[in-house]
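Undergrad: Questions regarding the structure given below will be posed in turn.
Values quoted throughout were computed directly from the atomic coordinates according to the rules given, and no laboratory measurement underlies them. Note that this is a predicted model, so its numbers are computed, not measured. Using ideal geometry, Cβ is built from the backbone for each residue, glycine included, and neighbour counts are taken over all protein chains shown.
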Amino acid sequence: MANVLESLTVPRASTMPSPTLSPIAASSFSSLSARRLPRFRGLKFIPSFVTRSFGSVTRIPSSRPRLDGRGGLVVCEAQDTSVEVSGVTDADWQSLVLNSESPVLVEFWAPWCGPCRMIHPIIDELAKQYAGKLKCYKVNTDESPAVATRYGIRSIPTVIIFKNGEKKDAVIGAVPKSTLTTSLEKFL
């Protein structure tokens, strides 16, 4: 899976305020710079008194930000926004769901189903919230009828939770996130 980020223009060091600014001017500069940045999902402005290396953020102990001409960093946080719930077919059901070492949440849906479209964002949120603890997949019942038949899916959306290859719980219909979270918590 590849993510494409749009280009971003950041002012050159010559347009940044001088290092001799007072702490009040420096703090207003940080907030001004953050406001000048275009709104991009997955990008975050980090003032210069924060450093980032190899995925961790470290605050430099200082009472005021360093204004050494860099002004701050723009950090891509794509790992937080790129969680996508992939589809499962009859062909890869065994390897992705039944042989998974972690619990799996599977949503059975169809493109023509209105309530399915209502629950998709909730499933996406759960995938982000439980990343690393839970795998989430979607099964299009029109394209993979064998799996739907095997588990007796007669109404969609249906969400089934699997653990160690076994069906543990099922929730039928477009339910609130809290209902799904309560079901999930029992198996994590």
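Undergrad: How much length would be gained if the chain were fully extended between T149 and N99, taking 0.36 nm per residue of separation minus their Cα-Cα distance, in nm to one decimal?
TA: On the way: separation 50, 0.36 × 50 = 18.00 nm, distance 1.95 nm.
Extending this stretch completely gives an extra 16.1 nm.
Undergrad: Further, regarding this structure: Give the lysines whose C-alpha is closer than 29 Å to that of K186, dropping any in the same chain fewer than 8 places away, or say none.
TA: K128, K133, K135, K138, K163, K167, K168, K177
Undergrad: Among DSSP beta bridges whose residues both lie in region 86-185, state the antiparallel percentage, nearest 5. Each step should come with its number before you reach the end.
TA: Values: 11 of 19 bridges.
Among the beta bridges of region 86-185, antiparallel pairing accounts for roughly 60 percent.
Undergrad: Report the trypsin sites (Lys or Arg not before Pro) located in region 82-156 that are in a DSSP loop and have at most 11 other Cβ atoms inside 10 Å of their Cβ, or state none.
TA: Those satisfying the criteria are K133, R154.
Undergrad: Provide the FRET efficiency to the nearest 0.05 for the E125-K168 pair, computing r from the beta carbons and using R0 = 22 Å.
TA: Using R0 = 22 Å, I get an efficiency of 0.60.
Undergrad: Can you work out the PRE-style zone for K177? Point 7 Å along Cα to Cβ, and I want the residues of region 84-114 with backbone N under 16 Å.
TA: Taking a point 7 Å out along Cα→Cβ of K177, the residues of region 84-114 whose backbone N falls under 16 Å are 84-85.
Undergrad: Calculate, for M118 and A91, the FRET efficiency according to 1/(1 + (r/R0)^6) with r their C-beta to C-beta distance and R0 30 Å; round to the nearest 0.05.
TA: Rounded to the nearest 0.05, the efficiency is 0.60.
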